[in-house]
Amino acid sequence: MLTEYVSAVLLVAGAIFYLAGTIGLLRFPDVYTRLHALTKADNLGLGLIVIGLSLQASSFAAAGKLFLIWLLVLLAGASVSHLVARAALHKGVHLWKR
Amino acid sequence: MNTVFLYALVGIGLFCLGLFALIVQAHLLRKILAINIMGSGVFLILVALARRTEGGIPDPVPHAMVITGIVVAVSATALALVMILKVTESSGQPEFPDEESK
Amino acid sequence: MQTLYFALALFLLLNLFAGMWRILKGPTAADRMLAAQLFGTTSVGVLLLLAQASANTVLHDVALVFSLLAALTSVAFVRRAWLSKE
Amino acid sequence: MEALALLQDVFDILLGFGLLWLAWLALFSLDLFRSIVSFISFGLLMAIIWVRLDAPDVALAEAAIGAGLTGALFLAAFAKLQPASVNGKGSSINPQKQSSRKQLLRWLPALIMLWIASGLTIAILALPPHATGLTSEVTSNLTASGVSNPVTAVLLNFRGYDTLLEIVVLLLALLAVWSIGSSVPSIESEPGPVLDTLSRLLVPILIMVSAYLLWVGAHAPGGAFQAGAVLGAAGVLLVLSGWKLYPGLEGFPLRLVLTAGSITFVVIAILTMLVSGTFMQFPPAQASILILILEMVATLSIGVTLAALFIGSPPTDIKKL
């Protein structure tokens, strides 16, 4: 019963980080800061959801697969952020200044 | 049950939207997008209707057809994209030449 | 519990649609691509929640393929589409 | 229970409308790049819809192709179109040429579309709410098919013809692409250390997942098409990271891999005809192993063909001729 509650709390927390990521994507002023928002969703949002779901997983293999998915999304998110930032700098997209 | 008809109707919507765009849009890349969306609409109707079985296991035959359909669609898309590159190279614009300007 | 999973999946779906605003507005192509990237990450979350709600672990495989290909379109964008413009 | 059903309905309705909206954006956005990004997102939503319709096999194929390969294809083509369209645009498209005849030409199709849409809607709504289709035929013959996943049984055994012809269609598409050939070179630059590391990490995992999908396809969602699509994605990633095929492998070895799927299919079909008297009628005792062999070879051919389709230009030995 306790695991269910802990899992539910983690899932809700994950969803809130997704919301934070989306708000960041919508509100931040330029590409570089928006990259920052994106990583909140995949590091913490998906991470918390994966931890929450793996608490209820039926086997270690199932939990392992969930963590593999998370690691792959992390890898994709980190590399894509780097590549997009590099390409944006290369193309001369201006940095946001206050 | 309602889900079946909801998604089948969405499929009809996609098909007609795609067909309309195929007719009115001149840009060839958009025409290919339109054909892809029409195809997705047809797939959606097929798979939605396959779920009308009583036991809860959907009919596997339409599923198999749609899987082959998806793979054929992507190969046809690749071919079509190479063809529009060729048209663009020869005519200088990604459209078919207009009847009036000939 | 099942209701919670569905509610959260719905919540993530709403997030996803909110992110579509960025696809609409841009302003640069990179912004649109980033929105699509977030779209992919959010879809993975939705799929995992749906898998738990329907107790169907097969959906983990779908999420796995999603996460594997999450980088592919963005890499294609950076390597092909964005270098050539202008 | 009430709340759950309501949530599911809201989820489905939102998903359906979201899909239509994305289709609209993909088709009628003024900015072409926005159209393409909308179309990529459309593919992602489509995969979720397949999940909602209890079609995990289709969802897997869509996740690999609709959400990955198609997007990469469109982005690469968009890039190659850019320089050409900048030259020719000013002279060819005249906004003031929108005469009344052109306006009519927009309204007429719209009316026809509405007519078709309402006709189709009436037809769909008139269908009986429950139908068994071919489910009972498939399930009652499943034990003789050699696999326990009904979709794989249909693809590789009951409707093997479709799959054979489908692999041939892939091959034909590639032949056509090679013979048209594009002279627009894709722009290449240094991939950089991050992309290099990404491809070195991801490609082995992609190959492993492809093998995994192939193996589970016998009893769970997965199979040759999904595995082939994932393998093709691995190839596309390699191409994008600047990897090239070793020139010695471009000639006969490449063509052997490309055609292996169709050839194996035909050979097995003929052999089964000699044994059992009917084209492609697998003997139930050997069906399982035959399907596995077919799927392995088909996966390889599908994967390599998809990657070759992405490259779009023929191998160097054809260019020399």
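Mind checking which helices (runs of 4 or more DSSP H) fall wholly inside the range D:116-235 and carry at least 1 residues that are surrounded by fewer than 24 Cβ atoms within 10 Å (Cβ to Cβ), free of Cβ contacts under 8 Å to residues at least 24 places away in the same chain and more than 7 Å from every other protein chain (Cβ to nearest Cβ)?
Helices (runs of 4 or more DSSP H) meeting the threshold: D:135-145, D:160-180, D:192-216.
Looking at B:ILE23, B:ILE32, B:ILE37, which one is part of a helix (DSSP H, G or I), closer than 20 Å to D:LEU32 by Cα and in contact with a Pro (Cβ under 9 Å, 6 or more places away or on another chain)?
Numbers: B:ILE32 fails: in contact with a Pro (Cβ under 9 Å, 6 or more places away or on another chain); B:ILE37 fails: in contact with a Pro (Cβ under 9 Å, 6 or more places away or on another chain).
One residue alone meets the criteria, B:ILE23.
Give, as residue ranges, the helices (runs of 4 or more DSSP H) completely inside chain A that count at least 1 residues that are under 30 Å from C:PRO27 (Cα atoms) and polar (S, T, N, Q). Talk me through it step by step, then tell me what you get.
Values: elements: A:2-27, A:31-40, A:46-54, A:60-91.
Here the list reads A:2-27, A:31-40, A:60-91.
Which of the residues belonging to the range C:1-55 are surrounded by fewer than 21 Cβ atoms within 10 Å (Cβ to Cβ), more than 30 Å from A:HIS94 (Cβ to Cβ) and either among the acidic types (Asp, Glu) or more than 7 Å from chain D (Cβ to nearest Cβ) (or both)?
Once the filter is applied, which keeps residues that are surrounded by fewer than 21 Cβ atoms within 10 Å (Cβ to Cβ), more than 30 Å from A:HIS94 (Cβ to Cβ) and either among the acidic types (Asp, Glu) or more than 7 Å from chain D (Cβ to nearest Cβ) (or both), the range C:1-55 yields C:MET1, C:LEU4, C:PHE11, C:LEU14, C:SER54, C:ALA55.
Filter the range B:19-35 down to residues that are at the interface with chain D (Cβ under 7 Å from one of its Cβ atoms) and either among the aliphatic types (A, V, I, L, M) or under 10 Å from the mean Cα position of the chain (by Cα) (or both) and give me whichever is surrounded by the fewest Cβ atoms within 10 Å (Cβ to Cβ).
Per the stated criteria, the residue is B:ILE23.
If I ask for residues that are among the charged types (D, E, K, R) and modelled with pLDDT of 90 or more, which ones from the range D:7-33 would you list? Before you say what the answer is, go through the steps one by one.
Of the residues in the range D:7-33, the ones among the charged types (D, E, K, R) are D:9, D:12, D:31.
Across the range D:7-33, the qualifying residue is only D:ASP12.
Of everything in the range D:236-253 that's assigned to a helix (DSSP H, G or I) and in contact (Cβ under 8 Å) with a residue 24 or more places away in the chain, which residue is surrounded by the fewest Cβ atoms within 10 Å (Cβ to Cβ)?
D:PRO247
Only one of C:VAL58, C:VAL75, C:VAL62 is surrounded by fewer than 24 Cβ atoms within 10 Å (Cβ to Cβ), closer than 29 Å to D:GLY217 by Cβ, at the interface with chain D (Cβ under 8 Å from one of its Cβ atoms) and β-branched (Val, Ile, Thr). Can you tell me which?
Residue meeting the stated conditions: C:VAL58.
For residues that are of a type in the set (Gly, Ala, Ser) and over 10 Å from the mean Cα position of the chain (by Cα), scanning just the range D:47-70, find the one that is surrounded by the fewest Cβ atoms within 10 Å (Cβ to Cβ).
D:ALA47
Filter the range A:34-73 down to residues that are surrounded by fewer than 19 Cβ atoms within 10 Å (Cβ to Cβ), more than 9 Å from chain C (Cβ to nearest Cβ) and of a type in the set (A, V, I, L, M, F, W, C), then give me how many there are.
Residues flagged as surrounded by fewer than 19 Cβ atoms within 10 Å (Cβ to Cβ), more than 9 Å from chain C (Cβ to nearest Cβ) and of a type in the set (A, V, I, L, M, F, W, C) within the range A:34-73 amount to 6.
The values are calculated or read from the model by the stated rules, or taken from the named source; none is laboratory data. Quick caveat: nothing in here was measured; it's all calculated off a predicted structure. All Cβ positions, glycine included, derive from the backbone under ideal geometry; neighbour counts span all protein chains shown.
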